[in-house]
1. Based on this model, can you work out whether Tyr87 counts as free of Cβ contacts under 8 Å to residues at least 40 places away in the same chain and among the aromatic types (Phe, Trp, Tyr)?
2. For the condition of a type outside the set (Gly, Ala, Ser), outside any loop (DSSP other than H, G, I, E, B) and surrounded by fewer than 21 Cβ atoms within 10 Å (Cβ to Cβ), what is the one hit in His30, His20?
3. Looking only at the range 44-57, which residues are surrounded by fewer than 16 Cβ atoms within 10 Å (Cβ to Cβ) and in a loop (DSSP other than H, G, I, E, B)?
4. Name the pairs: first residue in the range 147-161 and farther than 19 Å from Leu123 by Cα, second residue of a type outside the set (Asp, Glu) and part of a helix (DSSP H, G or I), Cβ to Cβ under 9 Å, at least 6 apart or on different chains?
5. Got a sec? Which of Asp81, Asp88 is open to solvent by 40 Å² or more (accessible area, probe 1.4 Å) and in contact with a Phe, Trp or Tyr (Cβ under 9 Å, 6 or more places away or on another chain)?
6. Considering only the range 121-144, how many residues are of a type outside the set (A, V, I, L, M, F, W, C) and modelled with pLDDT of 95 or more?
7. Among the numbered criteria (1) open to solvent by 40 Å² or more (accessible area, probe 1.4 Å); (2) under 26 Å from Arg150 (Cβ atoms); (3) out of contact with any helix residue (DSSP H, G or I) (no Cβ under 7 Å at 6 or more places or on another chain), which single criterion is violated by Arg2?
8. Given the structure, is Ala62 at pLDDT 95 or above and either within 22 Å of Ile203 (Cα to Cα) or open to solvent by 50 Å² or more (accessible area, probe 1.4 Å) (or both)?
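The values are calculated or read from the model by the stated rules, or taken from the named source; none is laboratory data. Values in this document were obtained by computation on a predicted structure and should not be read as measured data. Cβ placement follows ideal geometry from the backbone for every residue including glycine, while neighbour counts extend to all protein chains displayed. We work out accessible area using only protein heavy atoms, side chains counted, and drop any ligands, DNA or RNA first. Shrake-Rupley method; radii C 1.70, N 1.55, O 1.52, S 1.80 Å.
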Amino acid sequence: MRNKLYGIFGGTFDPVHNGHLQSVTTVYNHCALERICFVPTAVPPHRGRPGASAQQRLEMVALAVANHPQFDVDDRETRRDAPSYTYDTVKSFQAEDAAKCYCVILGVDALLGLESWYRWRELLASVHFLVMRRGGWNPPDPLPGWWKARYTESIEDLKRFKSGKIFQVNIIPNPVSATEIRCGLARGIDVSPMMPQSVWNYIDTNNLYLHFRQEKFLPCDRAN
């Protein structure tokens, strides 16, 4: 039996931008996924508090994916008054539909820090990982044992096994990042081309990231 693959793409999305959409579109096409669900984080466990609220970031993602029928947005983490652990999110998806084969989509940089994640070994065994490899990031050499044991170059392995595989997708580098957007706001640069127009309109209408716009000499070293 060949599994149908469903992507889970979590993140702070502070704000969501064209780089997010371009990257996951590549993953969607390359891996022949059924759908990809964007899951905005409410309380990120590995970084500081976002500049926009959880509800605002959720609404921006909904605007960003509105014209992409292959993408959904899910509010389960924004409804959870606790740190947004991927393990808990995956388990809640599986509790709703255990027949689906779920794939967590993340960057190489995130996977390199996997051993600091909550219940990471159980998470590894529960899903596939689709790793977006962008320019400037490379897997460690040699690979950690847990990575090497699960690594595959075959999409068919993802469809043949229900979980436990790590598959790499090469992504065309996109210089856009949430950090760059916030820094652009601080410097008075027009950042609207870096995101869907609907997202920029939302930011502008709701005066989001106003403190960045007012801090004209803010160094561009904030976490993405």
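1. yes
2. Working: His20 fails: surrounded by fewer than 21 Cβ atoms within 10 Å (Cβ to Cβ).
The conditions single out His30.
3. Listed by number, the residues that qualify are Pro45, His46, Arg47, Gly48, Arg49, Ser53.
4. Sorted first by the residue in the range 147-161, then by its partner, the pairs are Ser154/Arg160; Ile155/His30; Ile155/Cys31.
5. Of the residues listed, the single one that is open to solvent by 40 Å² or more (accessible area, probe 1.4 Å) and in contact with a Phe, Trp or Tyr (Cβ under 9 Å, 6 or more places away or on another chain) is Asp88.
6. Qualifying residue count, the range 121-144: 4.
7. Arg2 satisfies every listed condition except (3).
8. Against the criterion (at pLDDT 95 or above and either within 22 Å of Ile203 (Cα to Cα) or open to solvent by 50 Å² or more (accessible area, probe 1.4 Å) (or both)), Ala62 qualifies.
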